[in-house]
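Q: Here it is, the structure in full.
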Amino acid sequence: MKNYLFHILLYLVLTGNNALAQDKTTTSSIETTMTTVREDLMYNIVTILDKKDNITRGFLLGLRSDSIIILKNKKTFGIAINDIIHISIDTDHSNWMSFTSGAFLGMYIGNLIFYQAEDQPTAYWSSDDEEGKLAASLFFAFIGGGIGYIVDLGLEKSEESFDLSGEGSQRMKEVERLKKFLLSDESTKQVHVTVQLAQVGTRFSEIEDLSNSSDYYSRRVTSFNLLRKLQVTYSLFYSLDVGGAISWFGEPQTIWFSNCFFCNQQSSYQGTQSYEGIGYYAVASYHPFKSVFSSSISWIIGAGIGLGSVNYDFINVVNSGVFPNASSDSTIVKINESMFSGLIFTEFDLYLFDEFSLGLAIDYVYLPEEMEAIPELGIDKRSLGNFSIGATIGLHF
């Protein structure tokens, strides 16, 4: 996928242009067996100068032991390497790469800046103005895409050139460099920056899903975190990446109470919970099917260990009896410390371009301490850690 559509469109333009130089180099029918070039170079424009000073332009397809395979005027040609004295290969990406990545990043950054819920842990999405958020997201996408497109237009064209005019060992070295460039997976990016936005399994969502007579106050927030995790990794080996990650695993503040807390009844309750948390992890991720999948697709599984900083406050008050014989029972828990934390995750990524990917992700943050139960709502204790499922945006260098 990646840049194929763009280059095929270029091909249609070039094949309709009679002003292109005609190929005077000796060509022959191409056998069914050839080695295709690496994926990011497929259908890139190639310009070849032969020993008779003829210039041939076409689309790069593959390589045989003695020839370069190109597509020109809807026909496939093999041009003998021995007849070539200079070859240049266009390595530009289409402007669609910058526009597409800019649009997604613009939409994401705009929401991150303007639609975080107030007075809540980092980056939980506000529940206000759903229609307004949609319109604003489209505006942010347009602005980001436009900026990306303009930046790309300002960049110089890039190409890789090979001078085969030398003699003897000098020419042999240049031919080997050409073959290595065409076939080796130099497109593999070494540094990966990924941001994850996700729906988190929170105490707030547990209370929100209850179908009893209790009430709660959510402070205009959702359980969708726009910045669940930020991760930077380096490709240490073919199928192994290592690096670091920051995870924001806190949860929205929640207030719950019985509908008749101030009524003259035998029992009533009210409570509140606030929870801020951030973890720092050393992570490793493994690509179990990298040799099987296309380079446009990536599935990784990973884990990390580190420290989690927790600031957790819980208060639940239960009142029994009626005035003047009423009694009150309070549960108050405070946890404010750093502790061991673990992280496991899996991602399925689709590379729209070599430098940009979108994906789906599932993760779980482990913490040894527990969150208090709320018996009045039928909610049990659980770990301070939580589970999330969401999407990723990746930049690759």
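The values are calculated or read from the model by the stated rules, or taken from the named source; none is laboratory data. Values in this document were obtained by computation on a predicted structure and should not be read as measured data. Reconstructed Cβ throughout: ideal geometry from the backbone, glycine too, with neighbour counts over all protein chains shown.
Q: With the requirement that a residue be of a type in the set (S, T, N, Q), closer than 25 Å to Glu167 by Cα and either within 38 Å of the chain's Cα centre (by Cα) or part of a loop (DSSP other than H, G, I, E, B) (or both), what does the range 41-65 give you? Walk me through how you get there before you give the answer.
A: At the first step, the residues of the range 41-65 found to be of a type in the set (S, T, N, Q) are 44, 47, 54, 56, 65.
Applying the additional criterion that residues be closer than 25 Å to Glu167 by Cα yields 47, 54, 56, 65.
The answer is Thr47, Asn54, Ser65.
Q: For the structure I just gave you, tell me whether Asn325 is without any contact (Cβ under 8 Å) to a residue 40 or more places away in the chain, assigned to a strand (DSSP E or B) and exposed (fewer than 15 other Cβ atoms within 10 Å of the Cβ).
A: The answer is no for Asn325.
Q: Pick from the range 105-134 the residues that are surrounded by fewer than 20 Cβ atoms within 10 Å (Cβ to Cβ) and among the hydrophobic types (A, V, I, L, M, F, W, C): which of them is modelled with the lowest pLDDT?
A: Leu134
Q: Pull out all pairs, ordered by first then second residue, where Cβ-Cβ is under 6 Å, the residues are six or more apart or on different chains, the first lies in the range 60-79 and is in contact (Cβ under 8 Å) with a residue 60 or more places away in the chain, and the second is among the small types (Gly, Ala, Ser).
A: Going by the 6 Å Cβ cut-off, the qualifying pairs are Leu71/Gly58.
Q: Could you tell me which residue of the range 292-318 is farthest from Asp354 (Cα to Cα), considering only residues that are touching a residue at least 12 places away in the same chain (Cβ under 8 Å) and in a loop (DSSP other than H, G, I, E, B)? Can you show your working first?
A: As a first pass, look at the range 292-318 and keep what is touching a residue at least 12 places away in the same chain (Cβ under 8 Å): 294-318.
Next, only the ones that are in a loop (DSSP other than H, G, I, E, B) stay: 294-296.
Numbers: Ser294: 12, Ser295: 9, Ser296: 8 Å.
Among residues in the range 292-318 that are touching a residue at least 12 places away in the same chain (Cβ under 8 Å) and in a loop (DSSP other than H, G, I, E, B), the one farthest from Asp354 (Cα to Cα) is Ser294.
Q: Restricted to the range 360-370, and to residues that are in a strand (DSSP E or B) and touching a residue at least 60 places away in the same chain (Cβ under 8 Å), which residue is farthest from Val283 (Cα to Cα)?
A: Of the residues in the range 360-370, the ones in a strand (DSSP E or B) are 360-366, 370.
Filter again for touching a residue at least 60 places away in the same chain (Cβ under 8 Å), leaving 361, 363, 365.
Working: Ala361: 15, Asp363: 13, Val365: 13 Å.
By that ranking, first place goes to Ala361.
Q: Still on this model: What are the residues in the range 371-397 that are more than 16 Å from Met97 (Cβ to Cβ) and in a strand (DSSP E or B), if any?
A: Applying the first criterion (more than 16 Å from Met97 (Cβ to Cβ)) to the range 371-397 yields 371-392.
Across the range 371-397, the qualifying residues are Met371, Ile374, Ile379, Arg382, Ser383, Phe387, Ser388, Ile389, Gly390, Ala391, Thr392.
Q: Determine whether Ile68 is in a strand (DSSP E or B), in contact with a helix residue (DSSP H, G or I) (Cβ under 8 Å, 6 or more places away or on another chain) and either crowded, with 21+ Cβ neighbours inside 10 Å or among the hydroxyl-bearing types (Ser, Thr, Tyr) (or both). Show your work before the answer.
A: Working: in a strand (DSSP E or B): yes; in contact with a helix residue (DSSP H, G or I) (Cβ under 8 Å, 6 or more places away or on another chain): yes; either crowded, with 21+ Cβ neighbours inside 10 Å or among the hydroxyl-bearing types (Ser, Thr, Tyr) (or both): yes.
Taking the combined requirement at face value, the residue satisfies it.
Q: I'm trying to understand the selection: among the residues of the range 322-355, which are among the acidic types (Asp, Glu) and in contact with a Gly (Cβ under 7 Å, 6 or more places away or on another chain)?
A: Taking the range 322-355 as the starting set, the residues that turn out to be among the acidic types (Asp, Glu) are 329, 337, 347, 349, 354-355.
If the condition is that a residue be among the acidic types (Asp, Glu) and in contact with a Gly (Cβ under 7 Å, 6 or more places away or on another chain), then Glu347, Asp349 are the ones that fit.
Q: Please find, among Ser98, Ser165, Ser88, Ser137, the residue that is surrounded by fewer than 14 Cβ atoms within 10 Å (Cβ to Cβ) and either outside any loop (DSSP other than H, G, I, E, B) or not β-branched (Val, Ile, Thr) (or both). Outline the logic, then answer.
A: Working: Ser98 fails: surrounded by fewer than 14 Cβ atoms within 10 Å (Cβ to Cβ); Ser88 fails: surrounded by fewer than 14 Cβ atoms within 10 Å (Cβ to Cβ); Ser137 fails: surrounded by fewer than 14 Cβ atoms within 10 Å (Cβ to Cβ).
From the options Ser98, Ser165, Ser88, Ser137, the qualifying one is Ser165.
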